[in-house]
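Right, one structure below, let's go through it.
The values are calculated or read from the model by the stated rules, or taken from the named source; none is laboratory data. Worth saying up front: this structure is predicted, and the values here are computed from it rather than measured. Quick reminder, even Gly has a Cβ in these numbers, built from the backbone with ideal geometry, and neighbours come from all protein chains shown. Note: accessible area is taken over every heavy atom of the protein model, side chains too, but ligands, DNA and RNA are not part of it. Shrake-Rupley method; radii C 1.70, N 1.55, O 1.52, S 1.80 Å.
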Amino acid sequence: ADAYDLTWGRCVGWCVSLALFGFFVAIPLRKKLVVDYQLLFPSGTAAAHLIQNLNAPDGAASALAQWTRLRRYLGLSFTWSAFKWAFTLERWPLFGMAAFERYGWETGFHAGYVGTGLIMPLQVSLSMLLGA
């Protein structure tokens, strides 16, 4: 059988087991990482950096430039997705039709891949590109 039969009882059991696992793992991890190692809590640190940057002398201009850039790339992403949908470019033969038919080698042009690559360090991006 290719698919696992997910009955209501199995779904509830899975959710309860994940909740218990998260509860019993989160407390020791918090104690070890935040209390013992004095690591910064990411959401509080991110909020502090955002407030600090917005209150800087050029913070409002920087935030406006970032917002403009975000809108531009969201528009490009939407346009590209609509173009892919209209012309069915979901599966593109990366190394030609022979390799596509024989090995199934294909790629998809997704704007999310570009965004993921932009937020990762260069070493990680190159490792994934060359190692994949």
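Side notes on the structure shown:
- The set of residues in the range 36-59 that are open to solvent by 70 Å² or more (accessible area, probe 1.4 Å) and either of a type in the set (A, V, I, L, M, F, W, C) or touching an Asp or Glu at 6+ places or on another chain (Cβ under 9 Å) (or both) comprises 39, 40, 41, 50, 51, 54.
- Contacts under 6 angstrom Cβ, first residue in the range 66-87 being open to solvent by 100 Å² or more (accessible area, probe 1.4 Å), partner modelled with pLDDT under 80 and not in a helix (DSSP H, G or I), 6 or more apart: none
Listed here are the residues, each with its yes/no results for (1) modelled with pLDDT of 75 or more; (2) of a type outside the set (Lys, Arg); (3) within 30 Å of residue 115 (Cβ to Cβ).
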{"site": "26", "(1), (2), (3)": "yes, yes, yes"}
{"site": "35", "(1), (2), (3)": "yes, yes, no"}
{"site": "40", "(1), (2), (3)": "no, yes, yes"}
{"site": "43", "(1), (2), (3)": "no, yes, yes"}
{"site": "56", "(1), (2), (3)": "no, yes, yes"}
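- Test: residue in the range 23-38 that is outside any helix (DSSP H, G or I) and either closer than 30 Å to residue 66 by Cα or among the aromatic types (Phe, Trp, Tyr) (or both): yes
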